[in-house]
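Accompanying notes for the structure given below.
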Amino acid sequence: MRAYTLIAPAKINLFLQIIGEHLQQDQPTGYHSLVMVLQSVSLSDELQLHPLSGEARSLRLDPPILLHCDHPQVPLDQTNLVYRAAALMWQKFPGQPGVEITLHKRIPIGAGLAGGSTDAAAVLVGLNLMWELGLTQLELQELGSQLGADVPFCICGGTSLAVGRGDQLSPLPDLEGIYVVLGKYHDLSVSTPWAYQTYRQQFQASYAQTLEEQEQRRQQGGSGALLKAIAHRDGDQIGQLLHNDLEKVVLPAYPRVEYLRQQFANQSPLGTMMSGSGPTVFALADSAAAAEAIYAGVRGAIADPYLDLWICQLCNQGIQVQPL
Ligand code: C5P
């Protein structure tokens, strides 16, 4: 049985519009119905999957899953999405050998960058190979949607339109080569359930109520112009059409994030926006030099030792596999 290294890229939201409650057979599921444009970026975690060592086997773990991580805040038990992904695979395919997973965390936690989801996606892809299950990408995505709404996208990555809970995906032309500067305070995280719940409390009255109304709202919602700009690879237009409804609740509650966004905007990027439920803010740039200028400008404007900044690129793939 082979061991594998998996590269698991982070994602940003170029567009996030909240339509209403997510409905199944006319009943709310607790999720929101969204229109999103999701984009992989080159900031990545790395995971190694090995068959359980003899020493670990003697621990008689049930399920036989052992997780290691170099980040002190990452839990190593069932509360971790990586562990849950491996446990789900074990439950679906019992009798397989156990697995030892080493997670090298580079994507910040609680950042709105789908760090946990992309790690879970990597485990699904990796165990499919290690256990020689032969599952298709679609089958892996169906399993992934049981773990979280962003997991299916993280498996395929690139640029995608995502509707429903965020797990109904249509691939879009890739935007490889556009640069992105990410900024996050490492002492600040935002809870995704909190962000959506607060949005619900404040804006529920304006939600589209029926499936028909939701479809109309999707058509009118402004994502069409962004899709056109993506098709034409028009960086200026893409920058101007970035949108995130969750900014309406996260920015007022977190003034440091609003300030960071303002400082990014002051550097005249193609566009700037908060990603997902935040608190990461990103800015797009059309060259490495422009990205470096944004990085230097924001670093110079905010003398906060807790502010982390990264320069990376939009990328056209999700989980990448390297046999060890
Ligand atoms: O799917 P995931 O576990 O990442 O979602 C975290 C939380 O974000 C959900 O429990 C829900 O509160 C909120 N959410 C939502 N609608 C979505 C996606 C997430 O309300 N489409």
message = Against the condition open to solvent by 60 Å² or more (accessible area, probe 1.4 Å) and of a type in the set (D, E, K, R), how does Arg261 come out, does it pass?
response = no
request  = Could you please tell me which pairs satisfy a Cβ distance under 7 Å, a separation of 6+ or placement on different chains, a first residue in region 17-43 that is more than 9 Å from the ligand (Cβ to nearest atom) and open to solvent by less than 30 Å² (accessible area, probe 1.4 Å), and a second residue that is of a type in the set (Val, Ile, Thr) and not in a strand (DSSP E or B)?
outcome  = Leu43/Ile107
query = Restricting the search to region 201-253, which residues are farther than 30 Å from Asp286 by Cβ and either in contact with a helix residue (DSSP H, G or I) (Cβ under 8 Å, 6 or more places away or on another chain) or of a type in the set (Phe, Trp, Tyr) (or both)?
reply = Gln202, Phe203, Tyr207, Ala208, Val249, Pro252, Ala253
query = Looking at Gly221, is it farther than 21 Å from Gly112 by Cα and within 16 Å of the ligand (Cβ to nearest atom)?
reply = yes
message = With the structure loaded, tell me whether Pro279 is within 16 Å of the ligand (Cβ to nearest atom) and either polar (S, T, N, Q) or assigned to a loop (DSSP other than H, G, I, E, B) (or both) or whether it fails that test.
response = yes
request  = Give region 142-153 a look and list any residue that's of a type outside the set (A, V, I, L, M) and either more than 25 Å from Met1 (Cα to Cα) or open to solvent by 30 Å² or more (accessible area, probe 1.4 Å) (or both), or say none.
outcome  = Glu142, Ser145, Gln146, Gly148, Asp150, Pro152, Phe153
Residue under evaluation Gln201, criteria (1) outside any loop (DSSP other than H, G, I, E, B); (2) within 16 Å of the ligand (Cβ to nearest atom); (3) in contact (Cβ under 8 Å) with a residue 60 or more places away in the chain, criterion not met = (3)
message = Can you find, within region 58-104, the residue that is modelled with the lowest pLDDT among those that are of a type in the set (S, T, N, Q) and part of a loop (DSSP other than H, G, I, E, B)?
response = Ser58
message = I'd like the residue in region 102-122 that is within 18 Å of Pro51 (Cα to Cα) and without any contact (Cβ under 8 Å) to a residue 60 or more places away in the chain and, out of all such residues, is surrounded by the most Cβ atoms within 10 Å (Cβ to Cβ).
response = Ala120
request  = Run Ala208 past the list (1) over 22 Å from Tyr259 (Cα atoms); (2) open to solvent by 30 Å² or more (accessible area, probe 1.4 Å); (3) part of a loop (DSSP other than H, G, I, E, B) and report the number of the one that doesn't hold.
outcome  = (2)
Residues that are within 14 Å of the ligand (Cβ to nearest atom), farther than 14 Å from Ile18 by Cβ and either touching a Phe, Trp or Tyr at 6+ places or on another chain (Cβ under 9 Å) or not in a strand (DSSP E or B) (or both), drawn from region 162-192 = Asp167, Leu169, Ser189, Val190, Ser191
ask   = Out of Gln317, Gln263, Gln237, which single residue is of a type in the set (S, T, N, Q) and part of a loop (DSSP other than H, G, I, E, B)?
value = Gln317
note = Going through region 123-141 in order, the residues found to be open to solvent by 40 Å² or more (accessible area, probe 1.4 Å), part of a helix (DSSP H, G or I) and either within 14 Å of the ligand (Cβ to nearest atom) or of a type in the set (A, V, I, L, M) (or both) are Leu129, Leu138
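The values are calculated or read from the model by the stated rules, or taken from the named source; none is laboratory data. All values derive from a computational prediction rather than experimental measurement. With ideal geometry, Cβ positions are generated from the backbone for all residues, glycine too; neighbour counts draw on all protein chains shown. The accessibility values were calculated without ligands, DNA or RNA, using every heavy atom of the protein model including side chains. Shrake-Rupley method; radii C 1.70, N 1.55, O 1.52, S 1.80 Å.
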